[in-house]
Amino acid sequence: MPRSTGLQVLHPQGVDISKTRSEKVKAQEEFTAANRSVKQRITADKRNYLETLQRSGSGSLSEQN
């Protein structure tokens with residue numbers, strides 16, 4: 001069971017695993033920025049893929065009917 005000494009949280013082996021509030025906020029901001037970047041890249045890749053399909057005509061339903 002982790003021991004609590006005030007605001008400091010200790011791992012069972014005695015390793016300090018606590019983060020200050022500012023470290024947590026900074027980590028969350030970094031994650032949010034990275035996540036936003038990944039989502040934008042996925043959207044751009046999907047858009048490019050669909051445009052390529054449209055140009056090549058291989059994705060058109062009218063040719064299949």
Selected residue [exposed (fewer than 10 other Cβ atoms within 10 Å of the Cβ), polar (S, T, N, Q), on the phi < 0 side of the Ramachandran plot and modelled with pLDDT under 60] from 13, 64 | 64
Out of region 17-32, which residues are part of a helix (DSSP H, G or I) and surrounded by fewer than 10 Cβ atoms within 10 Å (Cβ to Cβ)?
-> 21, 22
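The values are calculated or read from the model by the stated rules, or taken from the named source; none is laboratory data. Quantities reported herein were computed from a predicted structural model and do not represent experimental measurements. In this analysis, Cβ positions are derived from the backbone assuming ideal geometry, glycine residues included, and neighbour counts consider all displayed protein chains.
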